[in-house]
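Encoded as structure tokens, the structure appears first; notes follow it.
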Amino acid sequence: MEKIILEGLTNPKPYVENAQKWFSIINEQPAEEASKWIVAALDEILVKQIYNSHLKS
């Protein structure tokens, strides 16, 4: 976790891009299903970040 946080502080661009994607995904969904879509979007972002961090190590 520390490695991911330090990477985000030194190289924020991919994290900012993922945050922008996350907000565009959330804003396109019905409010009644917001929790479901938020969790799915977070899962997708975290899986990509974990996968990418494993490729770098």
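Mind listing whichever residues of the range 26-56 are surrounded by 11 or more Cβ atoms within 10 Å (Cβ to Cβ), part of a helix (DSSP H, G or I) and more than 11 Å from the chain's Cα centre (by Cα)? Once the filter is applied, which keeps residues that are surrounded by 11 or more Cβ atoms within 10 Å (Cβ to Cβ), part of a helix (DSSP H, G or I) and more than 11 Å from the chain's Cα centre (by Cα), the range 26-56 yields Ile26, Ala34, Lys36, Trp37, Asn52, Ser53.
Annotation note: Cβ proximity below 6 Å between a residue of the range 34-57 that is under 14 Å from Lys21 (Cα atoms) and a residue that is outside any helix (DSSP H, G or I) (sequence gap 6+ or interchain) occurs for Trp37/Gln29. Among residues of the range 1-18 that are exposed (fewer than 14 other Cβ atoms within 10 Å of the Cβ), those with a beta-carbon under 9 Å from a residue that is not in a helix (DSSP H, G or I) at least six positions away or on a different chain give the pairs Lys3/Ser57.
Readers should treat all values here as calculations from the given coordinates under stated rules, not as data from a laboratory. Given the structure is predicted, the values throughout are model-derived calculations rather than measurements. Glycine also receives a Cβ, built like all others from the backbone with ideal geometry; neighbour counts cover every protein chain displayed.
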